[in-house]
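The values are calculated or read from the model by the stated rules, or taken from the named source; none is laboratory data. From a predicted model like this one, the values you see are computed outputs, not experimental measurements. Note that each Cβ is placed from the backbone with ideal geometry, even for glycine, and that neighbours are counted across all protein chains shown. Note: areas computed on protein heavy atoms with side chains; ligands, DNA, RNA excluded. Shrake-Rupley method; radii C 1.70, N 1.55, O 1.52, S 1.80 Å.
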4 protein chains.
Amino acid sequence: MNRDRKHDHIQLAFDSQTSKFEQDRRFIYEPMLAGHPNGEDRSFAFLGKTMKAPMWVSSMTGGTEKANHINKNIARACREFGLGMGLGSCRKILFSKTYWDDFNMRDIIGPDQPFWANLGIAQIEQLLKDKNENAITNMVGELRADGLIIHVNPMQEWFQPEGEHIENPPVETIEELLSRINVPLIVKEVGLGMGRESLNRLIHLNLEAIEFAAYGGTNFSKLELMRDEPEKMEMYQPFTFVGQTANQMVNTVNQLLQTTGTSTCKQLIISGGIKNYLDGYYLVSKSELPAIFGMASQVLKHATGDYQDLKTFIENQITAYRFAQNFLKIDPEYDGE
Amino acid sequence: MNRDRKHDHIQLAFDSQTSKFEQDRRFIYEPMLAGHPNGEDRSFAFLGKTMKAPMWVSSMTGGTEKANHINKNIARACREFGLGMGLGSCRKILFSKTYWDDFNMRDIIGPDQPFWANLGIAQIEQLLKDKNENAITNMVGELRADGLIIHVNPMQEWFQPEGEHIENPPVETIEELLSRINVPLIVKEVGLGMGRESLNRLIHLNLEAIEFAAYGGTNFSKLELMRDEPEKMEMYQPFTFVGQTANQMVNTVNQLLQTTGTSTCKQLIISGGIKNYLDGYYLVSKSELPAIFGMASQVLKHATGDYQDLKTFIENQITAYRFAQNFLKIDPEYDGE
Amino acid sequence: MNRDRKHDHIQLAFDSQTSKFEQDRRFIYEPMLAGHPNGEDRSFAFLGKTMKAPMWVSSMTGGTEKANHINKNIARACREFGLGMGLGSCRKILFSKTYWDDFNMRDIIGPDQPFWANLGIAQIEQLLKDKNENAITNMVGELRADGLIIHVNPMQEWFQPEGEHIENPPVETIEELLSRINVPLIVKEVGLGMGRESLNRLIHLNLEAIEFAAYGGTNFSKLELMRDEPEKMEMYQPFTFVGQTANQMVNTVNQLLQTTGTSTCKQLIISGGIKNYLDGYYLVSKSELPAIFGMASQVLKHATGDYQDLKTFIENQITAYRFAQNFLKIDPEYDGE
Amino acid sequence: MNRDRKHDHIQLAFDSQTSKFEQDRRFIYEPMLAGHPNGEDRSFAFLGKTMKAPMWVSSMTGGTEKANHINKNIARACREFGLGMGLGSCRKILFSKTYWDDFNMRDIIGPDQPFWANLGIAQIEQLLKDKNENAITNMVGELRADGLIIHVNPMQEWFQPEGEHIENPPVETIEELLSRINVPLIVKEVGLGMGRESLNRLIHLNLEAIEFAAYGGTNFSKLELMRDEPEKMEMYQPFTFVGQTANQMVNTVNQLLQTTGTSTCKQLIISGGIKNYLDGYYLVSKSELPAIFGMASQVLKHATGDYQDLKTFIENQITAYRFAQNFLKIDPEYDGE
């Protein structure tokens, strides 16, 4: 090595000397205490069905060629790997069959996997006001879905150009719906999560599950919707960093269970900012309610092309999740943030 | 997807894996417990008038074409949206009518909104020394202003080339003025805020309000003033990071109220580093004294052009503020820094 | 100085004003209490031999021209400076003499320095299953090595394309080996370290030493191995930040000793993320078990060329280590992270 | 404003939203309680002389045209503003008059200001060994200096190519010197400061002052010295971040005084990493021993040209320091780091 190159090398070492090293402190690696996973059966009951791996996949609302392709890929993967599937907003098929094929996935996912329809809270409020709640029962029935996901998104409705306003607190609308129809319900937010008081109300309702859809993924997609209205963007942008993370929500639900002792809602779908199987493994392990994890954007990205791409992605996520189960312990001294 | 693009994608995910995610921990989002705002009347008494929204706008000192245009836009918006307005330094019209039109906004803002004149502490000290305090009473009267804002800026006066020195502690000058004239007073700093002892003295004076003008906005404007004197800039620059933030000042005033029990100053205008309605909502919610928030530079930026631009900006700020009132709770475990 | 240059200078000072200054808080510098090191003998017993400086060097597995050259340089330096040497994986010479010369370093390192062979846990498990443990005894004997290092690497084996799976917990495999052969053993990880439970099991085995091979060096080399399989890379990458650092492991072993009182494993080789003599000095000083430190990549880098380069590097590391011993105290109030 | 520019503006606001704002939390600004400084006499006794402002200036060792010019500028400024001056290493004039003029500043600084000679600990050790301590007394006497600064720099001597080694602990060498000659002494480090045990020994010696020369300025200058020896640079660089800051040292001395009750060393010169008058004001205010502050590199930079440049710089520093005295309080809840 000549003098100049040595000099460069030392300078580089000097520069990097001070850089902080990122460690994933959520986990303690224990390599001495287990052998490798060997394909044993790890299936479990969830949402009244049997799942083979603790993953939930949210698909897209219909209306485009792409959505049809993506939803079919997802349904197929859920069947192959024993996962659960939630549809995007089904508003388009509530009173019309035009896009029915984009949502009609029961034959593809098969009878054994969880498969759920989806409507927004503003739509539910309107249907109740119109005493038209049977439209929901009918739609869920025709889809042969296991129940209905209600997405509660007051911020989106307030700031988006075409948003609809709601009159009543969502929790009251949900209570009213529960009193009128006999369809199993999941309640979710859409990217901001929710705080202690909202969760406290929900866990005492007769829900099949709460899906977090927590803060932590990118919110830029919402800004995109306002690209042509810079004034609306400016109004909205301070909210870009508002919300509760999946980790905060798991901690909150755990604390509520310790305080109240019981929950009529017995399951969680932990989603929102889950980037990979390690995030999922961490939060599912910490949750005191039975839980699975959902990855929306990561899965959608792999579902746009050949089924083989999606298949490999999900297979790899599960393979890695199995390794984590055998060799990673949750560090109880680390709070996850 | 081909191999290279996949590779790039994975590398990108890998790189961003470690980036910290910024969350606005001041708030807890509670989407389940309220409906959308529906236009109900939320007006309240402040500074002896009735305001429709908790925003205060500081305008510019006169003397330029631009200032006249800006001040008129601001006065018009205050009238339309029910806000309060503070003038910039009125020194130029104390003994001359040359720039009178730049400050004479009562007819535009109308009789129902707070509208306040403004002088610096060095000027007040001089007027008292000259036993010429009637000049103040006359100016406020002719402007049909609701009272006088005194800006206290010893640092500015010390470091600026043309600055004037003060002989006495500002709080004593203010006490002296209170004993001599019968004009309602607001006291403010000009970009650095103030500490516990200063606030403790002020809240026990007979003031209508304290305006914070806290540290947290950019101080570069002050450096600009010294652009031609680099030695002065070098002398001044370590002070660039000195001051008390609006959040610190709210905490301090709250603590002083808990300690002393009373305050003869009964209102706060929280300003300085308030970038948007969320900053304002947070601090107004935390303050134990009745408070509104002020945004200087943000509003000025929108007031330089058509009135429509300013109108849209303020309308949007209020619309978003209303949403925050219904759906965001202050996190009591977070201290706001 | 002209105005513009002054201006630039001040701006620069202004910009750097806010930059954080990195201080190495592990140490307290005490310049008043000692003279300079004067070449006194500081040799000590370790692994049954006598070492002159507390450095351990890990060499490369054989099979290339380069490895042969590097290993010879390392063995020569260990002899000259009184250090200890661990071979890379000896799997290639377990049943074949093809690459024997790349590992056969006893004549170069000489009889007085620690010199250890090395095999992976998957290989050990297989040999035990085949009742072929004598192959180990024979290999160690022929190498005239002081014993065997077992590297335990379930993560590497799981994610690498050509990885082998293990059936049993490594600690049980090691116990079994200890019961069958009479070869001194060192156990190490390979870049992720290990947690409390793994360490607790190991310190109660009859081991000569545990080598940390902790988390903290770069893991990119592992990603390199998967460069042709982007899907595997994507699967693996969240694990890139998982592991226990050398500092965490020293703290854990110290705590275990305080709790359990004894350790049948009486020595530590602290390695993994040790960038220089200061890292080594800090951790060796903190360890309650007798310890030395290992630097793998730093030494390898200097061992690829002339022996003189390696000699200078090691001589300098030891010279600086001696200075640290006289003038740096460990700050007990700082935890080392 | 057109749509695109608006869009850019909003994006910018969005990007900067998350940037942290740096606040100087050492101080609380109290604008209401004092008038401006008015030129009152603030002189005080220090090192047996009377100083008009609490600034200490370290000058350069002689031997170059530049040093002569710089030292004369500094001596002149110390006289004009009532400051104290420490010479650079006087080794060159211990046994030779070649560079005498570069150090002979008493006539310029005048009889009323502190003016001190300077030698390194290695030199002192050698002189004591040679029983030649009278050379020190003679040199100090001929310079008409008020005493001798001993700089203790074992790290510099160890790592620099031409460094000299010391045999005895510096504190013992200093004790020996105190017992042999009757010259007032100041002891300082040279850029790394020192820890509790060193300070504890020094404050119980019969010293006029300790000068910190703490860690916190740039150490790159030392690396420069080794530019032609990259191997030495690599050896040295981990020490680049080692040392004790001026703030840590003030806290340590305060704690030692509280523990031991007394100090035979009664004064401090706080230097090392003092970038401006605010750093100086903070640390001088916190010190329980009478203290002044030293700024080496900042002053040297202004002393290379016309005297007017240096004069303006120092005048401005003192002007700003006076403002700080009237309007800034030290925040007792902030520890200064």
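What is the sum of charges around residue A:257, taking Lys and Arg as +1, Asp and Glu as -1, for the other residues whose C-beta is under 13 Å from the C-beta of residue A:257? Charge balance near residue A:257 sits at +2.
For chain B, a Gaussian network of Cα nodes joined below 10 Å ranks B:61, B:137, B:259 by mean-square fluctuation, and the top entry is B:259.
Which entries in the list B:49/B:301; A:301/B:311; A:92/A:301; A:97/A:301; C:131/C:232 go over 32 Å, if you measure between the two C-alpha atoms of each?
Details: B:49/B:301 27 Å; A:301/B:311 42 Å; A:92/A:301 23 Å; A:97/A:301 27 Å; C:131/C:232 34 Å.
A:301/B:311; C:131/C:232, as the Cα separations exceed 32 Å there.
If each DSSP helix of 4+ residues adds -39,500 (n - 2.57) and the sum is divided by the residues in chain B, what number results at 222 nm, nearest 500 deg cm²/dmol?
On the way: 15 runs with 148 residues, N = 337.
Per the formula, -13000 deg cm²/dmol.
Other residues whose C-beta falls under 12 angstrom from the C-beta of residue B:207 contribute a net charge of 0, scoring Lys and Arg +1 and Asp and Glu -1.
The residues of chain D present an accessible area of 40 Å² per residue when probed at 1.4 Å with all protein chains retained. So which aspartates and glutamates pass the test for residue A:72, namely a Cα distance under 19 Å, with those fewer than 8 places away in the same chain ruled out? Within reach: A:80, A:101, A:102, A:107, A:112, A:142, A:146, A:306, A:309, A:315.
Counting heavy atoms of the protein chains alone, residue C:43 has an accessible area of about 50 Å² for a 1.4 Å probe.
Put simply, the amide H of residue D:271, placed in the peptide plane, has neighbours under 5 Å in D:212, D:213, D:214, D:294, leaving out anything fewer than 5 places away on its chain. Working from label points 7 Å from Cα in the Cα-to-Cβ sense, the residue B:181 to residue B:126 distance is 1.5 nm. The mean number of Cβ atoms from other chains found within 10 Å of a Cβ in peptide A:165-174 is 4, as a whole number. Volume per residue for the protein assembly as shown equals 209 cubic angstrom (convex hull of Cα atoms).
Taking a Cβ cut-off of under 10 Å around residue D:310, the surrounding Lys, Arg, Asp and Glu residues balance to a net charge of -1, with basic ones at +1 and acidic ones at -1.
Relative to the longest principal axis of the Cα atoms of chain A, the long axis of helix A:134-143 lies at roughly 60 degrees.
At a 1.4 Å probe radius, carbon and sulfur cover how many percent of the accessible area of the range B:179-337?
Working: 2640 of 5600 Å².
Ligands and nucleic acids excluded, carbon and sulfur reach 47 percent.
How large, in Å, is the range A:44-135 by the Kirkwood hydrodynamic radius built from its alpha-carbon pairs? Before the final figure, lay out each step's value.
Values: mean 1/r = 0.0720 Å⁻¹.
Computed over Cα pairs of the range A:44-135, the Kirkwood hydrodynamic radius comes out at 13.9 Å.
The angle separating the long axis of helix A:65-81 from the principal Cα axis of greatest extent in chain A is about 70 degrees. For the pair C and B, the buried accessible area comes to roughly 2100 Å² in total, with a 1.4 Å probe and the value rounded to the nearest 100.
When only alpha carbons are used to place a centre, the range A:144-217 and the range C:244-290 end up 51 Å from one another. Reported value for chain D: 202 Å³ per residue, from the convex hull of its C-alpha atoms. Note on exposure: D:92, A:131 ranked by accessible area (1.4 Å probe, complete protein assembly) read A:131, D:92, with the most exposed listed first. Legend: mean number of C-beta atoms from other chains within 10 angstrom of residue C-beta atoms, peptide C:323-335, equals 3. Remark: the range C:243-257, residue by residue, has Karplus-estimated 3J(HN,Hα) of x, 10, 7, 4, 5, 4, 5, 4, 4, 5, 5, 4, 5, 4, 5 Hz, where x stands for each Gly or Pro and the curve is 6.51 cos²θ - 1.76 cosθ + 1.60 at θ = phi - 60°.
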